[in-house]
1. Please express the shape of the range 21-95 as an equivalent ellipsoid: the semi-axes are the square roots of 5 times the eigenvalues of the C-alpha gyration tensor, given largest first in whole angstrom.
2. Kindly state, to the nearest 0.05, the FRET efficiency for residue 232 paired with residue 58, given R0 = 30 Å and r defined as their beta-carbon distance.
3. Convex hull over the alpha-carbon atoms of the range 45-89: what's its volume per residue in Å³?
4. With a Förster radius of 25 Å, plug the Cβ-Cβ distance of residue 110 and residue 39 into 1/(1 + (r/R0)^6) and report the FRET value to the nearest 0.05.
5. Highest mean first, what order results for 101-107, 128-134, 226-232 on Cβ atoms within 10 Å?
6. Got a number for the accessible area of residue 75? Probe 1.4 Å, square angstrom, nearest 10.
7. Any idea what the dipole of the chain comes to, in debye rounded to 20, about its Cα centre with Lys/Arg Cβ at +1 and Asp/Glu Cβ at -1?
8. How large is Rg/Rh for the range 187-233, to two decimals, with Cα atoms and a Kirkwood Rh?
Amino acid sequence: MPEVTDLVRLRAEYSDRERRLAGSDRYSLFNLPNLFTIQQRQRAILGLLRLEGLYPLNERQILEVGCGAGGVLLEYLSYGAHPARLLGCDLLPKRLAEAQILMPHLALVNADGQNLPYIAQTFDLVIQSTVFSSILDDAVKRNVADEMLRVCKPGGMILWYDFWLNPTNRQTRGIRPAEIRRLFPGCCIRLYKVTLAPPLVRRLIGVSWIVCALLEKIKVFNTHYLAAIHPVD
Ligand SMILES: C[S@@+](CC[C@H](N)C(=O)[O-])C[C@H]1O[C@@H](n2cnc3c(N)ncnc32)[C@H](O)[C@@H]1O
């Protein structure tokens, strides 16, 4: 069963990551390269939400599939999402418990994205942020994509943010536009290449923030895709 294999693998991967990153500030906002990467991603996402007519967020019903420890949900609260209409789920109970401590008022559930515990056509916005790249089994990815489509309202949107290239982590697999299109067949998809390669940011941010911003603008060294995916009835 792919989901059991994935659960075991992901659990091992996250405890290993915890060990490796113990005492490190790599993913802290006090870490300048990480601050650059997060702020640039937020600018891109806020711009996209406005462009797609989802702003303001407070009346929107929003779900994050694979919310992990809740970093992205916290960001959506700061963008104006209403706590009663912002939901999350994740396969790993330990990560979900961390999110729930940060946001006790949010409805977070331990669930596999392949079987979302929500009725069809519930959400205006369904988010996936670096979840598909952490799933190695093609059938699991297809099932999660189908479930995201099922719970998305007609006229709603799936927001995709994930990398297409990360040669250093063998527990993940980058996803290119052709695969995104295969996962969401028949949908209207607008793609943006974003996020300057983090190793480059780590080298250059001390030299100049502006140089990093300009390099990101030319897109050649960008490692992620941000996508607005609209189911077409
Ligand atoms: C790299 S983390 C991203 C967490 C969060 N979305 C963020 O951007 O900070 C990937 C998350 O996807 C979750 N995940 C992987 N496969 C899943 C599945 N089939 N159903 C639900 N969550 C899953 C993992 O447990 C993990 O928390």
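The values are calculated or read from the model by the stated rules, or taken from the named source; none is laboratory data. Remember, it's a predicted structure, so these values are computed and weren't measured experimentally. Using ideal geometry, Cβ is built from the backbone for each residue, glycine included, and neighbour counts are taken over all protein chains shown. Keep in mind that these areas ignore ligands, DNA and RNA; they rest on the heavy atoms of the full protein, side chains included. Shrake-Rupley method; radii C 1.70, N 1.55, O 1.52, S 1.80 Å.
1. 23, 18, 9
2. 0.65
3. Values: hull volume 3.1 nm³, N = 45.
Looking at the range 45-89, the number lands at 69 Å³ per residue.
4. 0.20
5. The peptides rank, most packed first, as 128-134, 226-232, 101-107.
6. 20 Å²
7. 760 debye
8. Details: Rg = 14.0 Å, Rh = 11.8 Å.
Result for the range 187-233 is an Rg/Rh of 1.18.
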